[in-house]
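The structure appears right after this line, and notes come after that.
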Amino acid sequence: MLKLYYGPGACSFVPHAALEVVKAATGAEFETQSVKLHKGEQHTPEYLALNPLGLVPVLVEDGKPLTQIVAICDFLDRRFPQAGLLPVDPWQRAQALSTFVWMNNTVHPTFTHVFRPAAFAAGDDAQADVRTQAVTKFREHLERIQAMTAHAAPWLLGDKPSFVDFYALVFLRWGGLAGIDPATLPAYQAFVERVAAHPAVAAAMAREGIRLDTYKPR
């Protein structure tokens with residue numbers, strides 16, 4: 001039995017939704033454990049024993065923890081190839097991973113600068129500058145993802161939902177938290193609404209207690 005430790009609304013939603021896809025495709029059950037990041041549960045001794053970095057997600061199989069979202073998702077794809085979470089063709093799979101890794105090592109850290117500017121600058125003015133520049137850059141990343149949706153058929157990697165679709169949903173939600181109105185990215189918003197309507201994605205969202213629209217006008 002696999003067990004996923006996730007933070008509601010965090011990047012751990014990507015393997016969470018993927019596990020629901022796996023369950024639908026194979027019948028494989030899994031367990032989940034919510035880690036309330038705002039309460040600091042990721043810093044408890046019990047959690048740090050699983051991941052000394054105090055980050056989500058963590059996937060546990062047979063008592064062995066696996067960390068880092070790309071590694072976890074690669075494992076899920078290899079463990080359950082019948083779920084179709086990544087293309088089978090080697091070149092197409094490499095291209096898919098290129099997009100996935102860009103989301104993880106570029107788009108995701110940009111939002112970290114928005115959400116935690118104090119980790120990157122000292123002083124209120126400097127932190128405000130970090131956040132402002134990061135919001136601008138994050139918006140640029142969202143526009144690039146919006147351009148990708150024009151070629152969705154119907155998903156970003158073809159005829160089956162994948163990790164990059166789930167990450168795209170996460171990023172649009174985060175954009176709302178950064179003050180980016182999803183209505184200004186209409187094609188992206190429409191695409192994410194389709195992703196959210198997928199039964200596996202909807203199940204993961206319901207378990208995490210999250211909604212799609214996080215934007216509040218300022």
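The values are calculated or read from the model by the stated rules, or taken from the named source; none is laboratory data. Please read all numbers here as calculations on a predicted model, not as lab measurements. In this analysis, Cβ positions are derived from the backbone assuming ideal geometry, glycine residues included, and neighbour counts consider all displayed protein chains. Just so you know, the surface numbers come from the protein's heavy atoms only, side chains and all, with ligands and any DNA or RNA stripped out. Shrake-Rupley method; radii C 1.70, N 1.55, O 1.52, S 1.80 Å.
Having 1 or more residues that are β-branched (Val, Ile, Thr) and under 18 Å from Ala206 (Cα atoms) is the bar; report the strands (runs of 3 or more DSSP E) wholly within the stretch 3-80 that clear it.
Because the criterion is at least 1 residues that are β-branched (Val, Ile, Thr) and under 18 Å from Ala206 (Cα atoms), the strands (runs of 3 or more DSSP E) in the stretch 3-80 that meet it are 30-34.
Of everything in the stretch 42-70, what is within 19 Å of Thr112 (Cβ to Cβ) and surrounded by 13 or more Cβ atoms within 10 Å (Cβ to Cβ)? Give them in sequence order.
Gln42, Asn51, Gly54, Leu55, Val56, Pro57, Val58, Thr67, Gln68, Ile69, Val70
Conditions: (1) over 16 Å from Arg207 (Cβ atoms); (2) of a type in the set (Lys, Arg); (3) touching a Gly at 6+ places or on another chain (Cβ under 8 Å). Arg93 meets all but one. Number of the miss?
All conditions are met except number (3).
Considering each of Thr106, Thr110, Thr99 in turn, give the residue that is in contact (Cβ under 8 Å) with a residue 24 or more places away in the chain, open to solvent by 40 Å² or more (accessible area, probe 1.4 Å) and within 17 Å of Tyr167 (Cα to Cα).
After applying the criteria, what remains is Thr106.
Would you mention how many residues in the stretch 162-186 are touching a helix residue (DSSP H, G or I) at 6+ places or on another chain (Cβ under 6 Å) and open to solvent by 10 Å² or more (accessible area, probe 1.4 Å)?
Of the residues in the stretch 162-186, 4 are touching a helix residue (DSSP H, G or I) at 6+ places or on another chain (Cβ under 6 Å) and open to solvent by 10 Å² or more (accessible area, probe 1.4 Å).
Any idea how many residues of the stretch 42-64 are of a type in the set (A, V, I, L, M, F, W, C) and closer than 17 Å to Leu76 by Cβ? Spell out the reasoning first.
First pass over the stretch 42-64, keeping only residues of a type in the set (A, V, I, L, M, F, W, C): 48-50, 53, 55-56, 58-60.
Keeping just the survivors that are closer than 17 Å to Leu76 by Cβ gives 56, 58-60.
Qualifying residue count, the stretch 42-64: 4.
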